[in-house]
1. For the chain, what is the largest minus smallest coordinate of the Cα atoms on each principal axis, given in angstrom and ordered from greatest to least?
2. Rolling a 1.4 Å sphere over the protein heavy atoms, what is the accessible area per residue of the chain, to the nearest Å²?
3. Ranked highest first by average number of other Cβ atoms within 10 Å, how do 253-262, 41-50 line up?
4. Among 278-290, 227-239, how do they line up from the highest to the lowest mean number of other beta-carbon atoms within 10 Å?
5. Going by Cα centres, the range 222-297 and the range 1-62 are how many Å apart?
6. Using amide H atoms built in the peptide plane, which far-off residues or other-chain residues are under 5 Å from ARG312 H to H?
7. Just read off the accessible area of HIS183 with the full protein assembly in place, 1.4 Å probe, to the nearest 10 Å².
8. Of LYS237/LYS313; LYS7/LYS194; LYS151/LYS311; LYS145/LYS208; LYS145/LYS313; LYS94/LYS208, which sit over 25 Å apart, Cα to Cα?
Amino acid sequence: MGMRIIKTAAAALAAIYTALYLGLTPALSAGLIAILAVEVTRMRGIRIAAIRLVASMLGLFFASIIFLLCGFKIWALSLFVLTAFPILSRLSLKDGIVTSAVVVFHMFERQEVSWELIGNEFLLLVTGLGWALVMNLLYMPSEEKSLQEGKRRLEQLFSAIFTEMSRSLRNPAHLWNGEELLHAHDAIERGAAKADNYRENRLIGYEKYWRTYYAMRREQLDSISQMLPLLALAYEKVPQGELLAEVFDSLALEVMSDVYEGRVERELEELEEVFRLMPLPATREEFEIRSALLLLCRELERFLSIARRLKRKKIA
């Protein structure tokens, strides 16, 4: 049994008993409203509660006018739907359409438009939405542990990708199916969704780390995708490829660090200086391969610049 189900049951029960205590009718409607209002995050719970309260009161306003002018006819309900629902949607209140319909149907069932009835419906809304909001605020499961596990898994995938790229540079005949890239993409999307939930559950003291982290990894995965065609152009083994493979070996370790260390960036700068001192290519094939490796270095610089800009800095 999930925690959300438990919270929903508790909110509905509390709302019904509160409505009975206050003498509201029908008391069960307060429980129905509470069931509709329990949400997955605290911020969404607050936002949706406000939207549903405003939408429902507007719905009562439109329904009162329609019923006073047209009477309590079945077709008047259709007129209410045709009139009120588009307006609520245009006002970005579409999440409150269902609760609005609930209170309007109560008015239709009572066959009256009065301040007493409107007050009753308002208190039903406050009771149901209020208890749902209380349950939302009291407890929300923490995403911190799940985010940490997802982070470790994603960094392992990045490390595996760089290890495979290193092997391909040392041995161009090495076969790699690239499944880690697909898994990394899925891990980033799942992690980013959890980071959004984490943000919406922290009303105060929220740190932007997780959203920044997954934004960084998304940019870096795009950079890796740009590296792969260049890697494929290194179809023969050359000394420069062997040296660049050592840089990717270092990156396979550094990518799992919580802070930006800059070691790989320094290695890459030293490697490019070594490249400048090497003899020029002797054949067209060697020229093409070394050109691809140079472009690969440039893309690797972009990857590292993303980490330097967005990753946590190492404290000296």
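1. Answer, in whole Å and largest first: 94, 39, 33 Å.
2. On the way: 16890 Å² over 316 residues.
Solvent-accessible surface per residue comes out at 53 Å².
3. 41-50, 253-262
4. Numbers: 278-290: 12.0, 227-239: 15.5.
Ranking the peptides 278-290, 227-239 by packing returns 227-239, 278-290.
5. 59
6. Residues meeting the criterion, in which the H sits 1.01 Å from N, are TYR260.
7. 80
8. Over 25 Å Cα-Cα: LYS237/LYS313; LYS94/LYS208.
The values are calculated or read from the model by the stated rules, or taken from the named source; none is laboratory data. Because the structure is predicted, anything quoted here is derived from the model rather than measured. Ideal geometry is used to build each Cβ from the backbone, glycine not excepted, and the neighbour counts take in all protein chains shown. For accessibility, only protein heavy atoms count, side chains too; no ligands or nucleic acids. Shrake-Rupley method; radii C 1.70, N 1.55, O 1.52, S 1.80 Å.
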